[in-house]
Structures are given as structure tokens and as C-alpha cells.
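The values are calculated or read from the model by the stated rules, or taken from the named source; none is laboratory data. Nothing here was measured: the structure is a model prediction, and the numbers come from that model. A quick note on method: Cβ atoms are made from the backbone with ideal geometry, for glycine too, and the neighbour counts reach across all protein chains shown. Side chains are part of the model used for accessible areas, which takes the heavy atoms of the whole protein and leaves out ligands, DNA and RNA. Shrake-Rupley method; radii C 1.70, N 1.55, O 1.52, S 1.80 Å.
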Amino acid sequence: MSPDNLNPQLEDNFLGSLVGLAIGDALGSPVEFKSRQEIAETYGRVLDYLPREDFTLVAGHEEMEWPGQPAGATTEDTYLTLLLAESLIHTGGKVEPLDFGPRLVAALDSPMLEFMGATTRQALLKARDTGDYQAGLDHERAAGNGVAIRITPLGLLHSYGRFDRLRFLDDCEKVARLTHNHPIAVAAGVAVATAVRLLGRREIMPEDLMAAVLDMLPPGYLGLPLAGNPLRQKLLAAQDYLEERQTLVDNVEAGDLSVDFFRIDLNNMERCGTSGYAPETVAAAFYAFTARKDSFEEAMWLAVNAGGDSDSVASITGALAGAYHGLAAIPERWISGLLDYQRVSDLARALHKTARSRELTDYVDLGI
């Protein structure tokens, strides 16, 4: 590729991905932690924004009060994602822990602290106390999905420029280790960043997504065993569910039977798992996007109605579907109802400009 072949239309994919992530957060937050059955009994199907009511979450011995919000409002998932985007823009496309670290630590003094998961909160407190932005938590709970959500801007950044696999993996690891210094969480972040990059560039078909992502993760990555790698296992299982689904699609098209695919897809997402455990969240989101690869709206309906950590699953689904389809494919009612739309879209455009500038710099460095 030469500078003359730069694709300015990728800006729509940057917008689609970040706006899609924020929409997923806003759609999923009001039903977060509800089961699929509870969602169905209360709402039938969640198809649009709902207000988030105050509620108390009891997890183990910890009790947390989660605040209400108006319809279309986002949570810390979007807030932390945009802070990373701001850092990448400020540094001209460099991943600098000394820049993004203090930005995310400052979120401890924002209203978003009330939404923040325990691992992220504890890790940011640790970083504030020590000044070390690469020593996030590494216990079992650090295999959560926080990194897999907020890493989206990094995948977009690497959509432009001379792709360097080692540089990409190093950037992903730096972003992850601020809070989740656990190999499973890091690998989940790499998976989402890879998917966003490839889908935004239209380098792969959605049905090839799982294989392409697994190709990016080298055998034994960060000490994870190849056979027992839970992320690999979940992604391969999701691929199997998609192949089963395609068999049903073929039979329906042949006129052999009638199938409720919405129910089938929700069943398969339950099989993936929809908890805050990173391999489950990523596999469920990848399934939702791929199963409804032709429709941003339908992919989001699946993600929101599957239950569990619905805002996280929907955020990643929105990031993938938005990167692939672009902003133009997102329903106008969701765009106009998103309370953070202006900030999200402004940062997406600025990040696109930064990514293009970085690509030109890469070519200059190569003497092209």
C-alpha cells in the first residue's frame, strides 16, 4: 500500500465502532446482571433504550449500590474507552502508559466510579498509590472483561499503517496491564483489538473471524497452554455453534423445517456464557455479531437480551458490528438517543485523523 491508496472512508468505520460500543453500553446497562428469563418476563424483548433503575448488587460478601440513569446513558465501559482514545490522540498514536495511566486513574474521582468493577477499581487505586501503570492485578478475578471492552480504540488505530504483529501485541499488553495483568484478560484484549482491526478494514468475512483472531495469538501466548486455553476453547465452541446454526439455515432455506432463530441464537450465547469472565464475554459477543452479520440492529438485540453482563457483551458486539458496517448502518433512533454521541463521534474522527497521520509517518520512515 502507498499513501495514494489511503482509504478516507475508514472514518465511517471508526465512527461506527466507537458509537456502536457506546450504544451497546447504553442498551445493555439497564438489564445488566439480569438473567435471560428475567429480561423476557419483565420486558418481553429489549429493542431500544431503557432507563436504568437504582439497584443493589450482592456478589459474595460484597454489596454495591448501582445508580440509576436516564435512557441512552453510558457507563464506565464507554468512559474508560474514550479516555484511552484521548490518550492515543494526544500522543500521536503511541501507546504510552505514562499518558493513558493517569487519565484512567483520574476516573476514580469521577461519577463513573460508582459503575466500576471491583478489579478495575482496585487496580487503579493501586496505580495511583504506586505510580506504576503496568502492574495491574493478576489474581483469578483479573481474568475479567474490562480490557476486552476498552481496547477498541487500539484496534482502530492499527487499522492504518504498516502492520507490525509484535508492535501490535506489545501495545495490547501495555493497555491491558494497567488493570488486568492476567494472561487470559490480555489475550481477550488482543482478540477484540484484532477483530476490530480486521473487520474495519474488511480483510476477512465475519464467518472467518474466530480463526483469524486465533491466528493472531501465538501458541503458548503469555504462558497459556494451547489445549487448555479457555479463550481458545470458548472461541472454537462459538464457531461450532455457528456451524450448527448454518446447517439449520440451509435446512430452512430448503423448506425442510421452521426455526425460531432468535431463540436458537440466545441458546447458543448461553452456551458461550455471558458472565464477566473474559473468554465468555468475547465468545458471546463474537457469536452475536457473526450470527447476525448482515444487521447491526439484530446483532445488538441478541447481545442485550442474552442476559448476564449484558452491557459488556453488547459493547463488544457494537464495536465489532460498527467497525464492519460503519456508522451508516446504525439505526438513527439509537444515534439520536445516545446521550454521549457528540463526544464519542468527535473522538472517533480525531482518532481516525491520528491513525492516518501515523500511517504517513510509517511510510516516511520506510523511505516510501
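For region 112-130, the candidate set comprises residues that are over 22 Å from the mean Cα position of the chain (by Cα) and without any contact (Cβ under 8 Å) to a residue 40 or more places away in the chain; within that set, the residue that is farthest from residue 340 (Cα to Cα) is 130. Screening residue 122 with (1) touching a helix residue (DSSP H, G or I) at 6+ places or on another chain (Cβ under 8 Å); (2) open to solvent by 60 Å² or more (accessible area, probe 1.4 Å) gives one miss only, at (1).
For region 240-282, a residue qualifies if it is within 30 Å of residue 120 (Cα to Cα), in contact with a Phe, Trp or Tyr (Cβ under 9 Å, 6 or more places away or on another chain) and open to solvent by less than 30 Å² (accessible area, probe 1.4 Å), and the qualifying residues are 268, 269, 272. Inside region 172-205, residues that are open to solvent by less than 10 Å² (accessible area, probe 1.4 Å) and under 15 Å from residue 144 (Cα atoms) make up a count of 13.
Does region 340-349 include one or more residues that are farther than 20 Å from residue 72 by Cβ, at pLDDT 95 or above and either crowded, with 23+ Cβ neighbours inside 10 Å or not aromatic (Phe, Trp, Tyr) (or both)? Yes: region 340-349 contains one or more residues that are farther than 20 Å from residue 72 by Cβ, at pLDDT 95 or above and either crowded, with 23+ Cβ neighbours inside 10 Å or not aromatic (Phe, Trp, Tyr) (or both).
All conditions but one from (1) part of a helix (DSSP H, G or I); (2) open to solvent by less than 10 Å² (accessible area, probe 1.4 Å) apply to residue 333; the one that does not is (2). Every residue in region 64-79 that is under 15 Å from residue 147 (Cβ atoms), open to solvent by 10 Å² or more (accessible area, probe 1.4 Å) and touching a residue at least 60 places away in the same chain (Cβ under 8 Å), please. Listed by number, the list holds a single entry, 77. Just one of the numbered conditions (1) more than 19 Å from residue 313 (Cβ to Cβ); (2) in a helix (DSSP H, G or I) is not true of residue 133: (2).
I'd like the residue in region 105-119 that is in contact with a Lys or Arg (Cβ under 7 Å, 6 or more places away or on another chain) and buried (at least 20 other Cβ atoms within 10 Å of the Cβ) and, out of all such residues, is modelled with the lowest pLDDT. Checked region 105-119; the qualifying residue modelled with the lowest pLDDT is 119. In region 214-236, of all residues being closer than 19 Å to residue 287 by Cβ and free of Cβ contacts under 8 Å to residues at least 24 places away in the same chain, the one that is surrounded by the fewest Cβ atoms within 10 Å (Cβ to Cβ) corresponds to 215.
Screening region 286-303 for residues that are assigned to a helix (DSSP H, G or I) and in contact (Cβ under 8 Å) with a residue 60 or more places away in the chain and picking the one that is surrounded by the fewest Cβ atoms within 10 Å (Cβ to Cβ) gives 301.
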